[in-house]
Amino acid sequence: MNAPEVSPHGWLAQHVARLEHALDERLPASDTYPARLHEAMRYGSEGGKRLRALIVYATGEALGTPAEHLDAPACAVELIHAYSLVHDDLPAMDNDALRRGRPTVHVAYGEANGILVGDALLTLAFEVLAGDTVNDAAARIAMVARLADAAGSRGMVGGQAVDIESEGRHLALEALKKLHAHKTGALILSALRMAACTAPALATDQRAALDTWGRCVGLAFQIQDDVLDVESSTEKLGKTQGKDEAQDKSTYVALLGLESAKQRAAVLFDEARAAIACFGPHGRALKQLADHIQQRDH
Ligand code: GRG
């Protein structure tokens, strides 16, 4: 089995590089007709920490799945994530001018292209899974189903709809958790579940352990996002509110307070690490990835 022998940093760098190469192979070349759309699709999918793809590869290591079987789901989940960010930045949604340190797709290429880039990245994600030549048909169909569940109206799109409906309203903690379990948690969970499609005989308790890791890291990631939002606004601008709270969105920091929100995230990361103890040394990449996500500062 292939538990990582390299340092945590080496493992991360190696798998980010693997993802970048796999994605480059699957995105249409920027001179393919229609060239401007393909250039903008590449622009919209570049950059990013590639956390969701890393979750696919780390889960695959826990299951003993060769990395070649994980390239398609790793690309597919990053393509869905990139599409969601491109659409989330549009004037009708968050109307953001900057993403990943540079102008958003609609600012750089126009609003219509922003919509079309998102549409095309979403479509490409499923083309990548369906057309994968490494996994067998049963695994590919199962991956398509897992990703569609997570990305659609009962997952990410549904969460985004509730988020928009909830602006200006103060949500209770359980309602906020439910919203985020859909908006960001479902896609994170799909990364683990797609990797698990390569191991159909996986024991029920190990399958449940992967879901626990995904649920805990997904929620901790969102709590941490609220904490980082407040901390960066305080550091850079001397403000006591983050961007989300200033936009009248409910946040974990507003509901729990900064220190309790940080503690809650730390407990969830610990729960995620504890859950995957059943994989023994093969769970090392998932443990290290939980550490890496916990330590992120943006
Ligand atoms: C528009 C259909 C549709 C959905 C949008 C996920 C989402 C739904 C919007 C993202 C809005 C947002 C910034 C949420 C905060 C949490 C989050 C998903 C941050 C971005 O993820 P990272 O930090 O981004 O993994 P990178 O750039 O590293 O890939």
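The values are calculated or read from the model by the stated rules, or taken from the named source; none is laboratory data. As the structure is a prediction and not an experimental result, all values here were calculated from the model. Here the Cβ positions follow ideal geometry from the backbone for every residue, glycine too, while neighbour counts run over all protein chains shown. Keep in mind that these areas ignore ligands, DNA and RNA; they rest on the heavy atoms of the full protein, side chains included. Shrake-Rupley method; radii C 1.70, N 1.55, O 1.52, S 1.80 Å.
In order along segment 261-277, the Karplus-derived 3J(HN,Hα) couplings, from 6.51 cos²θ - 1.76 cosθ + 1.60 at θ = phi - 60°, round to 5, 4, 5, 4, 5, 4, 4, 5, 4, 5, 5, 5, 5, 5, 4, 8, 4 Hz, and Gly and Pro are given as x.
Subtracting the Cα-Cα distance of S153 and A97 from 0.36 nm times their residue separation leaves 17.5 nm of extension gain. Its Cα gyration tensor gives segment 1-99 an equivalent ellipsoid. The semi-axes, each the square root of 5 times an eigenvalue, are 28, 16, 11 Å from largest down.
Annotation: amide H-H contacts under 5 Å for G64 (H modelled 1.01 Å from N, sequence separation of 5 or more, or interchain): N2. Using θ = phi - 60° in the Karplus curve 6.51 cos²θ - 1.76 cosθ + 1.60, the 3J(HN,Hα) couplings for segment 51-61 round to 4, 5, 5, 4, 5, 4, 5, 5, 5, x, 5 Hz; x is entered for Gly and Pro. Structure remark: mean-square fluctuation, Gaussian network model of the chain, C-alpha springs under 10 Å; the largest value among M194, M41, M93 belongs to M93. Max-minus-min Cα coordinates of segment 8-291 on each principal axis give 51, 49, 35 Å, with the largest extent listed first. Once the convex hull of all Cα atoms in segment 86-157 is built, its volume per residue stands at 101 Å³.
Before rounding to the nearest 500, sum -39500 (n - 2.57) across all DSSP H runs of length at least 4 in the chain and divide by the residue total; then give [θ] at 222 nm in deg cm²/dmol. Display every interim value, and only then the final one.
Values: 15 runs with 202 residues, N = 298.
When only DSSP H runs of four or more count, the value is -21500 deg cm²/dmol.
Using a Gaussian network model on the chain with a 10 Å cutoff between Cα atoms, which of H87, H21, H69 fluctuates the most? Comparing H87, H21, H69 in the GNM, the peak value goes to H21. In a simple Cβ point-charge model (Lys, Arg +1; Asp, Glu -1; nothing else charged), the chain has a dipole of about 420 debye relative to its Cα centre. Of the chain, which part is the longest with no GluC sites (Glu not before Pro) in a loop (DSSP not H, G, I, E, B) and with at most 11 other C-beta atoms within 10 angstrom? For GluC sites (Glu not before Pro) (loop position, at most 11 other Cβ atoms within 10 Å), the longest site-free span of the chain is 6-166.
Using θ = phi - 60° in the Karplus curve 6.51 cos²θ - 1.76 cosθ + 1.60, the 3J(HN,Hα) couplings for segment 19-29 round to 5, 4, 5, 5, 5, 4, 5, 9, 7, x, 4 Hz; x is entered for Gly and Pro.
With a cut-off of 8 Å between alpha carbons and a minimum separation of six or more residues, what is the relative contact order of segment 8-291 in percent? List each step's numbers first, then the result.
Details: 396 pairs, mean separation 54.6, N = 284.
Relative contact order comes out at 19 percent.
So, counting K/R as plus one and D/E as minus one, what does the shell of residues with Cβ under 12 Å around L268 add up to? Show your work: numbers first, answer last.
Numbers: positive: K177, R215, K262, R264, R273; negative: D270, E271.
With Lys, Arg at +1 and Asp, Glu at -1, the net is +3.
Electrostatic bookkeeping for N135 treats Lys and Arg as +1 and Asp and Glu as -1; over the other residues with beta carbon under 11 Å from its beta carbon, the sum is -3. When the Cα centres of segment 75-100 and segment 109-135 are compared, how far apart do they sit, in Å? Answer, in whole Å: 13.
Count Lys and Arg as plus one, Asp and Glu as minus one, and take only other residues whose Cβ is under 12 Å from that of P103; the net charge is then +1.
When H81, H292 are compared by accessible surface with a 1.4 Å probe, the order from highest to lowest is H292, H81. If you average the C-alpha positions of segment 17-58 and of segment 178-234 separately, how far apart do those two centres end up, in angstrom? First find each Cα centre; the distance between them is then 22 Å.
One quarter of the surface of the convex hull around the alpha-carbon atoms of segment 154-298 equals 9.0 nm², the direction-averaged projected area. Cut-off 10 angstrom, C-alpha nodes, Gaussian network model of the chain. Which of A201, A161, A266 fluctuates the most? Checking each option, the largest mean-square fluctuation is seen for A201.
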